[in-house]
1. At 0.36 nm per residue, minus the direct Cα-Cα distance, what do residue 312 and residue 374 gain on full extension? Give it in nm, one decimal, please.
2. In nanometres, what is the gap between the two model label sites at residue 502 and residue 456, each 7 Å from Cα along Cα-to-Cβ?
3. What distance in nm separates the two pseudo spin-label positions at residue 346 and residue 62, each 7 Å out from Cα along the beta-carbon direction?
4. Counting only protein heavy atoms, what percent of the accessible surface of segment 373-496 is carbon or sulfur at a 1.4 Å probe?
5. Hey, any idea what % of segment 97-183's accessible area is carbon plus sulfur with a 1.4 Å probe?
6. Per residue, what accessible area does segment 51-176 have, given a 1.4 Å probe and all protein chains present, in Å²?
7. Determine, from the Cβ-Cβ distance of residue 325 and residue 464 and an R0 of 60 Å, the FRET efficiency 1/(1 + (r/R0)^6), rounded to the nearest 0.05.
8. Among 412/442; 68/180; 74/242; 473/606; 96/206, which pairs are too far apart, with a Cα-Cα distance over 24 Å?
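The values are calculated or read from the model by the stated rules, or taken from the named source; none is laboratory data. Computed from a predicted structure; not experimentally measured. We place every Cβ from the backbone using ideal geometry, glycine too, and count neighbours over all the protein chains shown. Note: accessible area is taken over every heavy atom of the protein model, side chains too, but ligands, DNA and RNA are not part of it. Shrake-Rupley method; radii C 1.70, N 1.55, O 1.52, S 1.80 Å.
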Amino acid sequence: MTTRRRLEFVVLACGALFLVLLAVSFRPGGRPSQRPGRPGPSEPGAEGAGEPTTLLDGFDFTESVEGKPLLRIKADRTVGYGTAAGLAPNLYAGEKVTLTVYPDDGAPVTVLADRADYDERTRESKLNGNVRWTDTNGALAETDTVFFHPTKRTLDAPRTVHFTRGTIDLSAPSAVYDLKDKVVHFAGPVEGASQGGETGGLTSIKARQGLYRRDPGVLELDDAVVGSRAGDRLEAGHLVLKMGDAGHRPEWAHATGGVRGTLLPGGIGDGATESHGHRRYEGDESMTSFDESGHVRSVTLKGAPARLSDDHRRVSASQIIVAVTDGKASEANAAGNVVIDSEGRVARSDKARLAFAEDGTARNVVLDGSVRIDEDGRAATATRAVQLDTGDVWLLTGAPGQSAHVESGGSKLSADRVEVDRPRQQVRGEGAARAVFAPDPKDKRPAPVSFVGDRKKPTFGKADRIALDDAAKVATLTGGASLWQDDSSLFADSITLSDAEKTVVAVQNVRAVMAPSASRRKTPDEKAASVVTSRRMRYSDTERSARFENGVAVTRGGWSASGGEATTWLDEKGDVVSTEISGDVKMTDRSVGRTGTAEKALDYPKEDRTVLWGSPASVTDSGGSRVAGAVLTIVDRGRTVQITAPEGGKTETVHRTRSD
């Protein structure tokens, strides 16, 4: 037998137990000679082994090839059994046996046993009685029987096996150690626990079957269910648990296939409420990392989608990363088709971040990219959305050149910055704010009261700031505020629309433009809008009237008038029926060169008629002619003045000639 051939045999045998060498040593031909000892045991050996014929004490032998050790065998006492004295034994039995197997690369494996038998005929070995094997990575397996199969290069443990690595302690009905691949295969069901429960790590393990890969130091489990002291639970089709280099703590755990479980519930009395604390999760795979003390550092879920939820909130995304601080979930970051469903609100975005308070509630929620929030019949879109610390208030912002939007019914609000205050039922926009007040297509209700135009049509608004109060049914536009519909508009520093009271109030620098509807625009004169300016305006939709106060000026085409206050009446389409001006009225009609004064004036745009009252009222034309009376009615587009004398009084007419 050549040296190379014997090397191949030893490698295939993966270091057959020391009994292989004993068998060789009793053959003739220059092998280690036997040392006669006291007689062997009187009992016969294994079936067909024969009688005890040889006894050795203190055996220690290393088999090497070209200076490289293959295996080392030590035994306190060895007995050989044969068919007759003087013949080579068929079976060897050793006591307190140590077998060290050296693989082609890597650290050796050491097997200890109280007893071991080697069958020369089959080259098989059986170790029994407190059998255990160890490696330099700290793994230890214990059982009562192990069969060594040199041709398969395996250690086969057919009975219950206890396996430990660091804080992990497993039990399996049987196991096979593949010495070539350096893998231990555990038959199921596998059950175990962590001896390091104080670390906050894993404390219970169940699986259908599993294996341990020695060199990477990983434990793989199929159909695994694991738990922790805090109450965590993980179920997966396949779980890979990586132990740290020191072997005393888990480094990471990778789960795949139908991953689901509960994450860091904390429990009542630990600061987390029952509903917010118990977070359920599921996904296609998960990765859990552990810190140096064995506590969970983070959990990454992936799926199509992955989901994280409690009784009040459900988060789904392509990936969810949960950070853990002091044994509790402190933050969750989601990315890829994020959907957050929470108490009647559904939020969508490209990315999201949720920070958790001590009681487990989500705080400081941040949504980024293509944000859309649907709640209470309202839809909001933005580039970024942040939940403020003050409560259930969301701040929406847009990208440069792109506003945030909120839509409710047929109405819309957009601005650089939009706050949605759910508890107060308010929406506030700031920075280039725009609004559309439109009928609700679902309820077929008219648009909110807006003063200008027809309530059956949309009205547009803009201001520096716009606030919508759904509870009070009030909209407030502040800072360069304006409302418009078609050619009609209202401008002021501040405009307040109350749908509850059916009023519109405008304050400071008020300018109302009331254009006739399209059906009345037949001639240039009929196209002229009525324009009223003042310091304050109050419109009542019930009475269809607008009252202007403080420094009123009214114009319509070439006609204008000023006074202390004015009231305008509108029809259902928003057309001006009449405008009444009072308080030291002064009138001018540039189209005919006429001026007038009165205590009160009433203008009818549809009839192109103006009535002046006074004590007396007077009108003077461009030629200097003057008429005065209690009531002056100007008709025929300003060319005719009808004079009515006061009761018991008289009228006055002064006609100037060219010579005058």
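1. Once the chain is fully extended between residue 312 and residue 374, it gains 20.7 nm.
2. In this crude spin-label approximation the distance works out to 1.7 nm.
3. Label-label distance for residue 346 and residue 62, simple model: 7.2 nm.
4. That fraction is 50 percent.
5. 46 percent
6. Here the per-residue accessible area is 42 Å².
7. 0.90
8. 74/242; 473/606; 96/206, as the Cα separations exceed 24 Å there.
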